[in-house]
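Q: Dumping the structure here so I can ask a few things about it.
The values are calculated or read from the model by the stated rules, or taken from the named source; none is laboratory data. Since the model is a prediction, treat every value here as computed from it, not as a measurement. Every residue, glycine among them, receives a Cβ derived from its backbone with ideal geometry; neighbour counts consider all protein chains shown.
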Amino acid sequence: ENDFLPSPGKLLAWQVPTSETATNLSPNVVATRIDSGVETGSEVSMIFDPMLAKFIAHAATRREAASGLSRLLEKTRIQGITSNRDFLVATLRTPEFLNGATNTDFIARVKPASKRELSKEECIDAGIAVVMEAQAQQRASARVLKSVPSGWRNTEMPFEKHEFLVDEESLIVEYRIERSGKFRVRCEKKEFLVTLYRAGRGKVDLEFENRRSVFNVDQYANRWLVNGPHGDLELIQLPRFADTKLVDAERGLVAPMPGVVVSTEVQVGDAVAKGQLLMVLEAMKMEHRITAPRDGIVSEIHVVTGDQVANDELLVRLAEDREE
């Protein structure tokens, strides 16, 4: 993702499998080793090498070692920054890699997936886990009537509604508590009766559709980081009402990573062609060229040479070409 550019930022969640768990994941793997210098909360700087860890697996055959290594990576929790973990897992499972056909053109020729594809079931499970954690936290933080069950009313009330973005796709989860203490949940045109065993402190234990699952759920502002049976995913909670203070970045180009503006090559009012260089950023000893995605007129420039910019910060905005 993002053409393998480094992804500086804070590592919000980091958890590697224990040696016992690693052995159970792949019985045919003789030994595993993980060398890491990070932990939850570590800052991946744009100044130093962004490597998080080295994973090693030893087995009798290449196929067994690759299988064990992919499972080890798959079960590692890495959240808060973009990593190449999904790409590595996909690579280890390609027939070409398993057969040793790993020439220098491997990536261009095989094109392993750079991001794990999320199933609808996984998104629904994560959405339910998040709303269960959210309601439990709200109940725990209540200043009055702490003994009253979450969502309790003496009359039947409408469902509580939460909307999220998962990989830029909308996910709406609605719920209400039943007299039995269970939760009735609606999501993706389906309805579930959820039994909640534990929630409110970052660990959600629930059961529905004859499946009992445990999730790690952490909130950072409007970001919900979920780690469950399928792996990691992130939900962005949308506000109930539009925030008019947010910058409208439509038709704007944003920084692909934190860095320093090395040069600006255009001025407001300039007509630019698709592919034309607009400015250059530098981060982690790498230069990244910001080019025009289409023909247009430079309507706004939000930075100058020497500015330090954050990830996704608005840099320049293009208006439609007046001649169109």
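Q: For the stretch 220-244, give me the residue count where each residue is assigned to a strand (DSSP E or B) and surrounded by fewer than 16 Cβ atoms within 10 Å (Cβ to Cβ).
A: Count: 3.
Per-residue answers, yes or no, for (1) surrounded by fewer than 15 Cβ atoms within 10 Å (Cβ to Cβ); (2) at pLDDT 90 or above; (3) within 32 Å of the chain's Cα centre (by Cα):
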residue	(1), (2), (3)
261	no, yes, yes
283	no, no, yes
297	no, yes, no
303	no, yes, yes
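Q: Find the residue count for the stretch 202-223, including only residues that are touching a residue at least 40 places away in the same chain (Cβ under 8 Å) and within 17 Å of residue 139 (Cβ to Cβ).
A: The total comes to 5.
Q: List every residue pair whose Cβ atoms lie under 9 Å apart, where the two residues are 6 or more positions apart in sequence or sit on different chains, the first residue falls within the stretch 290-314 and is closer than 10 Å to residue 264 by Cβ, and the second residue, located anywhere, is surrounded by 13 or more Cβ atoms within 10 Å (Cβ to Cβ) and polar (S, T, N, Q).
A: Correct list of pairs: 301/264; 303/264; 304/264; 305/263; 305/264.
Q: Right, here's the next one. For the subset of the stretch 22-71 comprising residues that are surrounded by fewer than 13 Cβ atoms within 10 Å (Cβ to Cβ) and part of a helix (DSSP H, G or I), which member is modelled with the lowest pLDDT?
A: Filtering first and then ranking leaves 24.
Q: Between a first residue in the stretch 20-48 that is under 19 Å from residue 82 (Cα atoms) and in the same structural domain as residue 282 (by TED's automatic domain parsing) and a second residue that is acidic (Asp, Glu) and at pLDDT below 75, which pairs have beta carbons less than 6 Å apart while being 6 or more apart in sequence or on different chains?
A: Note: no pairs meet the criteria.
Q: Now, a different point. Of the conditions (1) in contact with a helix residue (DSSP H, G or I) (Cβ under 9 Å, 6 or more places away or on another chain); (2) of a type in the set (Lys, Arg); (3) in a helix (DSSP H, G or I); (4) at pLDDT below 95, residue 139 satisfies every one except a single condition; which number is it?
A: (1)
Q: Could you grab the pairs with beta carbons closer than 7 Å, sequence gap of 6+ or different chains, first residue in the stretch 112-137 and free of Cβ contacts under 8 Å to residues at least 60 places away in the same chain and within 22 Å of residue 181 (Cβ to Cβ), second one surrounded by 21 or more Cβ atoms within 10 Å (Cβ to Cβ) and of a type in the set (A, V, I, L, M, F, W, C)?
A: Sorted first by the residue in the stretch 112-137, then by its partner, the pairs are 131/173.
Q: Given the residues 106, 192, which is the only one that is within 18 Å of residue 235 (Cβ to Cβ) and either charged (D, E, K, R) or modelled with pLDDT of 95 or more (or both)?
A: 192
Q: Mind checking which residues of the stretch 159-176 are touching a Gly at 6+ places or on another chain (Cβ under 9 Å), of a type outside the set (Phe, Trp, Tyr) and over 14 Å from residue 133 (Cα atoms)?
A: Matches in the stretch 159-176: 166, 171, 172.
Q: Do we have residue 88 as at pLDDT 95 or above, surrounded by fewer than 18 Cβ atoms within 10 Å (Cβ to Cβ) and more than 30 Å from residue 221 (Cα to Cα) here?
A: no
Q: Let me ask you something else. Output yes when any residue across the stretch 117-127 is under 30 Å from residue 203 (Cβ atoms), among the hydroxyl-bearing types (Ser, Thr, Tyr), surrounded by 16 or more Cβ atoms within 10 Å (Cβ to Cβ) and out of contact with any Ser or Thr (no Cβ under 8 Å at 6 or more places or on another chain), and no when none is.
A: For the stretch 117-127, residues under 30 Å from residue 203 (Cβ atoms), among the hydroxyl-bearing types (Ser, Thr, Tyr), surrounded by 16 or more Cβ atoms within 10 Å (Cβ to Cβ) and out of contact with any Ser or Thr (no Cβ under 8 Å at 6 or more places or on another chain): absent.
Q: Out of the residues in the stretch 91-116 meeting the condition of being of a type in the set (D, E, K, R) and not in a helix (DSSP H, G or I), tell me which one is surrounded by the most Cβ atoms within 10 Å (Cβ to Cβ).
A: 116
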